[in-house]
Amino acid sequence: MPLFRLSLRALLLVAASSAAMGQTKAGAVVADVPFPFVVAGRQFPAGHYMVTEESNVCLRISNSQHQGVFVPTHDSRRSASDGSKLVFHRYGDTYFLSAVWVTGKTIGRELYGSRAEREAAKRKTEMELAVVRPGKLDLAK
């Protein structure tokens, strides 16, 4: 009986680690976002996030607690790949996820602006860019 329990525990451990490994899809952007942000009208806390392309028109953004959202997107092109990154528009103290780029690709995914972001832009609040790359943060105007 103890051998059976040990084997069962080993099997469960292997299954759990395989499931965790399988959650990171090829082409996913995994990054630590150091500030709260808004996606599709929903507020997300600062934290560890994975962004995956679910289709040509949809991204999934999820955190380490498996909370997430699917958001519609459209193509955005660039002349050369400069690595994986999450691009945020910042108005005042509010950050809106704007685009997702993946290393090796010249076509990225751009999110549609939310009502709150459009209202912030109408108030003529200065927009700044914040770029989060896996492992670092770049702020630019």
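The values are calculated or read from the model by the stated rules, or taken from the named source; none is laboratory data. In this text the structure is predicted, and so the values were computed from the model without any measurement. We place every Cβ from the backbone using ideal geometry, glycine too, and count neighbours over all the protein chains shown. The protein model used for the area step is the full one, side chains on, heavy atoms only, and it has no ligands, DNA or RNA in it. Shrake-Rupley method; radii C 1.70, N 1.55, O 1.52, S 1.80 Å.
Couplings 3J(HN,Hα) of the range 46-62, computed from phi: 4, x, 8, 10, 10, 10, 10, 7, 8, 6, 5, 10, 8, 10, 10, 10, 9 Hz, in residue order, whole Hz [Karplus 6.51 cos²θ - 1.76 cosθ + 1.60, θ = phi - 60°; x for Gly and Pro].
Here the range 37-68 is scanned for amide nitrogen atoms under 12 Å from the site 7 Å beyond the Cα of residue 115 along Cα-to-Cβ, giving 41-42. Per-residue Karplus couplings for the range 123-132, computed as 6.51 cos²θ - 1.76 cosθ + 1.60 with θ equal to phi - 60°, are listed in order as 6, 6, 5, 5, 9, 10, 9, 10, 10, 10 Hz, Gly and Pro entered as x. Close amide H contacts of residue 35 (hydrogens built in the peptide plane, cut-off under 5 Å, sequence separation of 5 or more or a different chain): 47. Keeping all protein chains in the complex and leaving out DNA, RNA and ligands, what accessible area do you get for residue 74 with a 1.4 Å probe, in Å² to the nearest 10? Accessible area of residue 74: about 60 Å².
Residue separation of residue 80 and residue 54 scaled by 0.36 nm, minus their Cα-Cα distance, works out to 7.1 nm of gained length.
Computed from backbone phi with θ = phi - 60° and the Karplus coefficients 6.51, -1.76 and 1.60, the 3J(HN,Hα) list for the range 76-89 is 9, 10, 9, 6, 8, 6, 10, x, 6, 6, 10, 10, 10, 9 Hz; x is used for glycine and proline. Let's test the formula: R0 of 22 Å, r as the Cβ-Cβ distance of residue 126 and residue 46. What FRET efficiency results, to the nearest 0.05? Once the sixth-power term is evaluated, E becomes 0.50.
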